[in-house]
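The next block holds one structure in the form of structure tokens; read it before the comments.
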Amino acid sequence: MSEHHVSHYLCIGCPLGCRLEVEDDGTDIVEVRGWDCKRGERYGREEHTDPRRVVATTVKVRGALWARIPVKTSGSVPKAMVREIAKAVRNVEVEAPVRLGAAVLTDVLGTGVDIVATRDVERV
Amino acid sequence: MITDEIRHLARAYDVVISGGGPAGMAAAIGARSQGAEKILLIDREREAGGILWQCIHHGFGLHHFGEELTGPEYAQRYLEEVLENDIDVLTDTYVCDISPERQLKLMSGRHGIAVVDAKAVVLAMGARERTRGAIRIPGERPSGVLTAGLAQKFVNMMGYLPGRRVVILGSGDIGLIMARRLTLEGVEVKGVFEIMPHANGLNRNIVQCLHDYDIPLHLSTTVVDIHGRQRVEKVTVAPVDGALKPDLSRAWDIDCDTVLLSIGLIPENELSRKIDLRLDPVTSGPVVNSTMETSMNGVFACGNVVHIHDLVDFVSEESVLAGRNAGAYITGRRPPKDNIRLLPGDNVAYCVPHTLSSEREHIVYMRVRKPIEKCSVRFGEVLEKKLRYVFPAEMVNIKVKPQFLENFHGDALRVDVVQR
Ligand SMILES: Cc1cc2nc3c(=O)[nH]c(=O)nc-3n(C[C@H](O)[C@H](O)[C@H](O)COP(=O)(O)OP(=O)(O)OC[C@H]3O[C@@H](n4cnc5c(N)ncnc54)[C@H](O)[C@@H]3O)c2cc1C
Ligand code: SF4
């Protein structure tokens, strides 16, 4: 007999902020409770099984108006890897000009996700 | 190419826009769509785009572009559209004054002191952050106390970290976003302190900026003292009672070298005051009619300078309208005058625009004072709109069709948000 376990989440779908309870039996979700609409149920399942985030940070840029250029992950990455990814990106340095969407780092930490610029910067 | 500064400044324009953030950019495009020919967009920064360049996080444009963008992506899309529309962009230039004849006095890095004549003007100067003075935090005056938005510019554009151990005062979205941002840069964020019993920011930011990094959020708690001679050394925080009075017997100290303030924005209305525009004491922005025209003929206003928006999408929507009306103004195609004044009633802090015309369709933006679930927005007896909830942190917007206003014969229409 496996142990049932209840985890708690705050739904981010709207300002009502329903407090969600996700009950699992060690392997599968048994029930998601506390939601007021279907969006909350779906969110509870995703947050419990595979929480993912888009990471936005900056990298150094030489020869531009500003010292930093904003970047993001080209797709979502596992939540547990966010800090490590941000740390890996901290060492990147690029040279202006850079175009929006250009990869400044490919396949970050083997995730298959690139780090891409989120704006153009000109050479000044 | 997204920074395309003009070299030749003309003496006269159809429409001149003061402020090149999302509001100013949308107004320029709106003016062009109505046939205005010579349009000048002015910003005091080195590039147009406003606050968006420093808001590097996700969460912009879901309503407007149907996808989630970062602030810079949203700014760039708009700026490209501005340039495709042959709008003159003048950066590094401050709009100092506007005469009743709509002559603007400018101070410009490239052009020096200059004047330009405008047939119509749009004010889009955005907002500034409330500072320590606004909430009178006692204590010493060391360095290391700054607003969250300024810290955001330091980190995201200039590449400086404001400190190593940070306390954040106020749970507005900018503070929450900065809690995550600084954590990802290796800074220790000691906690977010909010005097109210509820958080001010979006749940999404509570979860993804605080919970994800185990950063504590202390509700009903505030900073009562800041210590340090040269640099911040520690702060004293204390819980508050129902009347927001701190209980000093339960105060405690936190070691830190930096205090970030995230205590709200106020419309940037230096210029509006100088030219004596009528201001709304609640929004502290100009009073506007349903064409977004202020109390000065031919001077329109939109975006955060009118009232603080939480979503940039609504800034764009409101500002395209202001720009269109500025364009229509110069061609003499003026819509019928407004005949109905809106009166904020129960649980309504303010409504924008301040007046409506019964002959057109409008979007009315408003803010409530307290949260209610299962409520109704009532425009007198003529229109009732049911909403699942209202929250002070989330602007309410209601479409008002002319058929509802046809049956209304008074001149002042009261707006209430009540429990159902
Ligand atoms: C930190 C932060 C985070 C945000 N996060 C989100 C989010 O996640 N999602 C979302 O949808 N919205 C978000 N917003 C809200 C959104 O960014 C704003 O509502 C929007 O930028 C307001 O646009 P604006 O054009 O009115 O003002 P601004 O963007 O402030 O632009 C005003 C411009 O006017 C210029 N200016 C001012 N005075 C003068 C003068 N006298 N002469 C010349 N130029 C002048 C300024 O330099 C500035 O460029 C956020 C806002 C902030 C501050
Ligand atoms: S469950 Fe539905 S109603 Fe509740 S917070 Fe989530 S989205 Fe909102």
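Annotation: of all residues in the stretch B:56-67 being more than 16 Å from ligand 2 (Cβ to nearest atom) and on the phi < 0 side of the Ramachandran plot, the one that is most open to solvent (accessible area, probe 1.4 Å) is B:His63. The strands (runs of 3 or more DSSP E) falling completely within the stretch B:270-365 that include 3 or more residues that are within 16 Å of ligand 1 (Cβ to nearest atom) map to B:299-301. A count restricted to the stretch B:98-125 and to residues that are open to solvent by 20 Å² or more (accessible area, probe 1.4 Å), closer than 20 Å to B:Ala27 by Cα and not charged (D, E, K, R) stands at 2.
Scanning the stretch B:210-222 for residues that are part of a loop (DSSP other than H, G, I, E, B) and farther than 14 Å from B:Leu260 by Cβ yields B:Asp214, B:Pro216, B:Leu219, B:Ser220. Summed over the stretch B:400-420, residues that are surrounded by fewer than 15 Cβ atoms within 10 Å (Cβ to Cβ) and under 11 Å from B:Arg360 (Cα atoms) total 4. Hey, any hits in the stretch A:80-87 for a residue that's at pLDDT 95 or above and assigned to a strand (DSSP E or B)? No.
For the stretch B:31-48, check the following and say yes or no: at least one residue is of a type in the set (A, V, I, L, M, F, W, C) and within 14 Å of another protein chain (Cβ to nearest Cβ).
Keep residues of the stretch B:31-48 that are of a type in the set (A, V, I, L, M, F, W, C), which gives B:31, B:36, B:39-42, B:48.
Next cut, within 14 Å of another protein chain (Cβ to nearest Cβ) only: B:48.
Scanning the stretch B:31-48 turns up at least one residue that is of a type in the set (A, V, I, L, M, F, W, C) and within 14 Å of another protein chain (Cβ to nearest Cβ).
Residues in the stretch A:38-66 that are farther than 16 Å from A:Arg83 by Cα and either exposed (fewer than 14 other Cβ atoms within 10 Å of the Cβ) or among the polar types (S, T, N, Q) (or both): A:Lys38, A:Glu46, A:Thr49, A:Asp50, A:Arg62, A:Gly63. Among the residues of the stretch A:1-37, those that are within 14 Å of another protein chain (Cβ to nearest Cβ) and open to solvent by 80 Å² or more (accessible area, probe 1.4 Å) comprise A:His8, A:Arg19, A:Trp35, A:Asp36.
Do you know which of the residues in the stretch B:178-211 that are among the charged types (D, E, K, R) and farther than 17 Å from B:Ile56 by Cβ is most open to solvent (accessible area, probe 1.4 Å)? Show your work before the answer.
Let us first name the residues in the stretch B:178-211 that are among the charged types (D, E, K, R), namely B:180-181, B:185, B:188, B:190, B:194, B:204.
So of that shortlist, the ones also farther than 17 Å from B:Ile56 by Cβ come out as B:188, B:190, B:194.
Values: B:Glu188: 94, B:Lys190: 60, B:Glu194: 8 Å².
Among them, the one singled out is B:Glu188.
Suppose we filter the stretch B:44-59 for residues that are within 6 Å of ligand 1 (Cβ to nearest atom), under 16 Å from the mean Cα position of the chain (by Cα) and outside any helix (DSSP H, G or I); how many remain? The qualifying residues number 2. Here is the figure for the stretch B:127-161: residues that are open to solvent by 20 Å² or more (accessible area, probe 1.4 Å) and either among the hydrophobic types (A, V, I, L, M, F, W, C) or in contact with a Gly (Cβ under 8 Å, 6 or more places away or on another chain) (or both) total 12. Inside the stretch A:79-107, residues that are more than 22 Å from B:Val187 (Cα to Cα) and either open to solvent by less than 30 Å² (accessible area, probe 1.4 Å) or more than 12 Å from chain B (Cβ to nearest Cβ) (or both) make up a count of 10. Residue count for the stretch B:343-376, restricted to those that are within 25 Å of B:Pro197 (Cβ to Cβ) and open to solvent by less than 50 Å² (accessible area, probe 1.4 Å): 9. Tell me, yes or no, whether the stretch B:242-262 has at least one residue that is farther than 30 Å from A:Pro78 by Cα, within 16 Å of ligand 1 (Cβ to nearest atom) and open to solvent by less than 50 Å² (accessible area, probe 1.4 Å). Among the residues of the stretch B:242-262, at least one is farther than 30 Å from A:Pro78 by Cα, within 16 Å of ligand 1 (Cβ to nearest atom) and open to solvent by less than 50 Å² (accessible area, probe 1.4 Å), which makes the answer yes. Scanning the stretch B:162-177 for residues that are closer than 23 Å to A:Ala67 by Cα, buried (at least 24 other Cβ atoms within 10 Å of the Cβ) and more than 10 Å from ligand 1 (Cβ to nearest atom) returns a single hit, B:Val166. Within the stretch B:186-209, restricting attention to residues that are closer than 16 Å to B:His58 by Cα, of a type in the set (A, V, I, L, M, F, W, C) and outside any loop (DSSP other than H, G, I, E, B), the residue that is farthest from the other protein chains (Cβ to nearest Cβ) is B:Cys209.
The values are calculated or read from the model by the stated rules, or taken from the named source; none is laboratory data. All figures in this text were calculated on a predicted structure; none of them were measured in a lab. Positions of Cβ are backbone-derived with ideal geometry, glycine not excepted, and every protein chain shown enters the neighbour counts. For accessibility, only protein heavy atoms count, side chains too; no ligands or nucleic acids. Shrake-Rupley method; radii C 1.70, N 1.55, O 1.52, S 1.80 Å.
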